[in-house]
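The values are calculated or read from the model by the stated rules, or taken from the named source; none is laboratory data. These figures come from a predicted structure and were not determined experimentally. Neighbour counts run over all protein chains shown; Cβ positions are idealised from the backbone, glycine included. Surface areas here come from the heavy atoms of the whole protein model, side chains and all, with no ligands, DNA or RNA. Shrake-Rupley method; radii C 1.70, N 1.55, O 1.52, S 1.80 Å.
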Amino acid sequence: MQNKVLYDGLMTDIFDDLAAEYRQLDAVLESLTLDQWAHPSAAAGWTVSDVVLHLAQTEEAVTGPSITDATALLPSAETTVDGLADEMVAAERGMPPADLLARWRKSAFATPDALRAHPPGTRLSWVRTPLSPRTLATTRIAEHWAHALDITVPLGIVYPDTARLRHVAWLAHRTLPYAFAVAGLPDAPVFCDLTAPDGTRWTFGDPDAPNRITGLASEFCRVGARRLTPEQTGLTAEGPRAADALRAVRNYAA
């Protein structure tokens, strides 16, 4: 039961959801032409191939032997996630798409069961701080979803929002204290009242908090992924610090 998350009376398995997110992206990648693999993505300076290479590299870290060391993967506080990712992609850029897809599949399809197999209480090495297997699975959903948008939006391919965005929205809300700190702002309590892709309601935080964000979960997640600015959405921010929270929110490490 430890891998089950209770959402509005329904139990969802984070590792099953992670596998489903991989399958959705895999169906897109399998359909791409050679020209589409070489097409610029929405990630600045990266082609579609570069995005998939980045995903393969990070998945290999999840399934690698050092994952149980419970250390931070970044060598120093001065090293940024984006900077390290750029260096890693530049070092291996140029792999043929068929080989690249096979490489990503090998690690990605092994990840859900690998994370599920860790015993309760395990802390796993990750970017800034060790994470539990469930939290690391959540970050992998967020990462693959955001980069799937980087691939599909420029190519005009539909990538449907699903109930799995609940994990991404939870992550964005849960890490607001970190986001405030990265932005150089004091922490503040925030309540999020979001509309899911199927029209149901997702809420996070204390309903009595002085700050409230409301609107579409899909837009909230995109703001947290830096794929939309708050001004490009219909999200509303009420309270003395709600606008700060909406500007600061992020569902990935800096």
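Okay, here's what the table says:
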{"read-out": "Segment 164-248 - percent of accessible surface contributed by carbon and sulfur, probe 1.4 Å", "value": "52 percent"}
{"read-out": "Extension reserve of the Thr122-Arg247 stretch, reckoned as 0.36 nm per residue once the Cα distance is removed", "value": "41.7 nm"}
{"read-out": "Label point distance in nm, Ala183-Met95, each placed 7 Å from Cα along Cα→Cβ", "value": "3.6 nm"}
{"read-out": "Per residue accessible area in Å² of segment 147-254, where ligands, DNA and RNA are left out and the probe is 1.4 Å", "value": "44 Å²"}
{"read-out": "3J(HN,Hα) from dihedral phi, segment 83-93, Karplus parametrisation 6.51/-1.76/1.60, rounded to Hz, x for glycine, proline", "value": "x, 5, 4, 4, 5, 5, 5, 4, 6, 10, 4"}
{"read-out": "Phi to ³J(HN,Hα) by Karplus 6.51 cos²θ - 1.76 cosθ + 1.60 over segment 193-208, Hz, x for Gly, Pro", "value": "10, 10, 9, 6, x, 8, x, 6, 9, 10, 10, 9, x, 7, x, 8"}
{"read-out": "Radius, Kirkwood style, for segment 11-58 when every pair of distinct Cα atoms is counted (Å)", "value": "12.0 Å"}
{"read-out": "Pairwise FRET efficiency - Asp16 versus Glu231, Cβ, R0 = 35 Å, nearest 0.05", "value": "0.45"}
{"read-out": "Surface accessible to a 1.4 Å probe, Phe180 within the full protein complex, Å²", "value": "0 Å²"}
{"read-out": "Helical mean residue ellipticity (222 nm; -39500 (n - 2.57) per DSSP H run of 4+; nearest 500) of the chain", "value": "-14500 deg cm²/dmol"}
{"read-out": "FRET efficiency, 1/(1 + (r/R0)^6) with R0 25 Å, evaluated for Glu78 and Thr162 via beta carbons", "value": "0.10"}
{"read-out": "Inter-site label distance for Phe109 and Gln24 at 7 Å from Cα along Cβ, in nm", "value": "2.0 nm"}
{"read-out": "Inter-probe distance in nm under a simple model that places probes 7 Å from Cα toward Cβ, at Ala254 and Thr33", "value": "4.2 nm"}
{"read-out": "Hull volume in cubic angstrom per residue (convex hull over the Cα atoms of the chain)", "value": "131 Å³"}
{"read-out": "Residues whose placed amide H lies under 5 Å from that of Ser132, excluding near-sequence neighbours", "value": "Leu124"}
{"read-out": "Magnitude of the charge dipole, the chain, Cβ model with Lys/Arg +1 and Asp/Glu -1, debye to 20", "value": "360 debye"}
{"read-out": "Cβ-based charge dipole, the chain, positive-most Cα from Trp145, Tyr159, Thr47", "value": "Trp145"}
{"read-out": "3J(HN,Hα) from dihedral phi, segment 105-121, Karplus parametrisation 6.51/-1.76/1.60, rounded to Hz, x for glycine, proline", "value": "4, 4, 7, 5, 5, 8, 5, x, 5, 5, 5, 4, 6, 5, x, x, x"}
{"read-out": "Student exercise, segment 128-185 dipole from Lys, Arg, Asp, Glu Cβ charges, in Debye to nearest 20", "value": "280 debye"}
{"read-out": "Distance cut-off 16 Å, percentage of C-alpha pairs in segment 164-248 lying past it", "value": "45 percent"}
{"read-out": "Environment charge at Pro197 (Cβ cut-off 13 Å; Lys +1, Arg +1, Asp -1, Glu -1)", "value": "+1"}
{"read-out": "Nearest-10 value in Å² for the accessible area of Ser31, using the 1.4 Å probe", "value": "70 Å²"}
{"read-out": "Segment 106-254: C-alpha pair distances exceeding 29 Å, %", "value": "18 percent"}
{"read-out": "Debye log10 I(q)/I(0) at q = 0.12 Å⁻¹ for segment 15-154, Cα point scatterers", "value": "-0.47"}
{"read-out": "Within segment 54-153, trypsin sites (Lys or Arg not before Pro) in DSSP loop having at most 15 other beta-carbon neighbours inside 10 Å", "value": "Arg93, Arg128"}
{"read-out": "Amide H partners (placed H, <5 Å) of Thr47, local residues excluded", "value": "Ser41"}
